[in-house]
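The values are calculated or read from the model by the stated rules, or taken from the named source; none is laboratory data. Everything quoted here is computed from the prediction, not taken from an experiment. Don't worry about glycine lacking a Cβ; one is built from the backbone with ideal geometry, like all the others, and counts go over all protein chains shown.
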Amino acid sequence: MSISRRTVLASGLALPLAAPLAACDRISAEPTPPNVPPLKSVAPCPFGAAIKAMQIDDPDWVALARANVSQLTPEWEMKMEYVLADGLDRPNFDRSDAIAAFAQANGMALHGHTLIWYSQGKEAFAGLSGAAFDRAFDGYIAALAGRYRGKVRSWDVVNEPILDDGSALRDCHWSARYGHDGYMLRAFEKARIADPDGVLFLNEYNQESVPAKGAQFLKLVERLLKAGCPLQGLGLQSHLWIDIPDGVIAAYMREIAQFGLPIHVSELDCTLRTENPLDLRSQADRLARQTARVTELAEAFTALPPAQRFAFTVWGLRDTDSWYRQGDKDDGRDKPLPFDSFGRPNPMAAALAEAFRA
Ligand code: 9MR
């Protein structure tokens with residue numbers, strides 16, 4: 001892709017859409033939605049979705065989640081950008097508490113996201129150095145992971161440590177103090193102490209779709225394990241797009257499975273947008289390609305040994321819930337998620353159900 005996925009993921013910039021897609025989900029010419037069983041009833045593991053606290057007050061979202069979902073990941077209100085918005089001394093846990101209470105009340109598991117991320121905490125940690133920095137780093141993990149001990153099943157301890165082209169690890173305020181592997185080792189150790197029972201994950205995007213990045217991730221996992229890191233699970237975000245070549249995702253799943261660790265497909269969505277201004281493919285063609293990519297991922301996941309199928313999470317339920325469909329980024333047409341804006345199954349939901357049952 002000529003605009004890097006990093007740019008898209010980090011900045012929230014929409015992929016430029018040159019050719020209008022044929023239909024949006026509010027147009028009556030939309031084909032009849034497929035009949036799809038509740039996804040949690042066919043998934044070979046907990047079926048998860050991202051949640052924002054405001055969705056708890058949306059009865060349509062709640063009904064869709066209750067029917068389909070058995071696990072939740074806070075989409076942003078458990079991140080430093082929310083928790084530390086008022087500074088290190090005044091952490092905000094109100095919304096993550098509300099999400100945890102909702103999960104518990106509805107018998108859903110909770111996956112914590114995310115303790116340490118290169119893109120977060122720069123402002124809150126600015127001006128700290130030496131022992132003060134260490135106290136804040138360790139204290140943050142102890143406070144957040146400790147607060148939800150026994151309430152979360154698992155944590156993304158470190159998120160997105162690798163550069164988009166896979167050439168190296170990212171430089172960030174954490175690596176500047178502890179070194180590239182060092183900040184991860186420290187984060188995992190502190191998380192282990194704060195929550196001895198939560199399954200601790202390293203989470204990354206494009207490892208299943210960009211071979212150089214996947215290779216860098218595998219090397220990193222090997223190093224961390226060798227260094228005695230209490231890393232227990234591997235998070236494949238799976239922000240897919242329609243032109244990922246055939247076979248790449250399945251081949252990577254076979255490679256990463258060799259560690260024998262639990263695997264979490266942690267943030268699945270698949271945008272229909274492309275960057276080519278001359279791309280005149282129809283909506284139907286794009287949806288067929290999306291189905292192929294999602295099917296490949298879900299089949300490869302389903303083929304894992306049962307103990308490695310930790311969870312399968314979509315990064316939102318309805319298209320309009322997606323980060324691709326917010327504010328300026330919204331083209332009104334993308335269908336990156338399993339349900340349309342009315343909560344009716346999209347082809348993606350049918351593809352998931354089919355692949356899980358295969
Ligand atoms: O979908 C999330 C969006 O609502 C947030 O504004 C953004 C920044 O916190 O993060 C988005 O989720 C990202 C996730 O936390 C990590 N992987 C990439 C996801 C999509 O950008």
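List of remarks:
- Residues (in contact (Cβ under 8 Å) with a residue 60 or more places away in the chain, within 16 Å of the ligand (Cβ to nearest atom) and either outside any loop (DSSP other than H, G, I, E, B) or of a type in the set (S, T, N, Q) (or both)) located in the stretch 188-208: PHE201, ASN203, ASN206
- Where ASN159 falls short, out of the listed (1) modelled with pLDDT of 95 or more; (2) over 24 Å from HIS239 (Cα atoms): (2)
- Scanning the stretch 84-124 for residues that are polar (S, T, N, Q), out of contact with any Asp or Glu (no Cβ under 7 Å at 6 or more places or on another chain) and more than 14 Å from the ligand (Cβ to nearest atom) yields a count of 2.
- Residues that are within 16 Å of the ligand (Cβ to nearest atom) and either without any contact (Cβ under 8 Å) to a residue 12 or more places away in the chain or surrounded by fewer than 19 Cβ atoms within 10 Å (Cβ to Cβ) (or both) within the stretch 57-75 comprise just one, ASP58.
Residue by residue, here is whether (1) within 16 Å of the ligand (Cβ to nearest atom); (2) not in a loop (DSSP other than H, G, I, E, B) holds:
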position: PHE133; (1), (2): no, yes
position: ALA143; (1), (2): no, yes
position: VAL152; (1), (2): yes, no
position: ASP164; (1), (2): yes, no
position: LEU185; (1), (2): no, yes
position: ALA212; (1), (2): no, yes
position: LEU225; (1), (2): no, yes
position: GLY228; (1), (2): no, no
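- Beta carbons closer than 8 Å, at least 6 apart along the sequence or on distinct chains, pair a first residue in the stretch 311-336 that is part of a strand (DSSP E or B) with a second that is crowded, with 23+ Cβ neighbours inside 10 Å and of a type in the set (Ser, Thr, Tyr) for ALA311/SER154; ALA311/SER266; THR313/THR73; THR313/SER266.
- With respect to (1) under 30 Å from PHE259 (Cα atoms); (2) surrounded by fewer than 19 Cβ atoms within 10 Å (Cβ to Cβ); (3) touching a strand residue (DSSP E or B) at 6+ places or on another chain (Cβ under 8 Å), the lone exception for ALA298 is condition (2).
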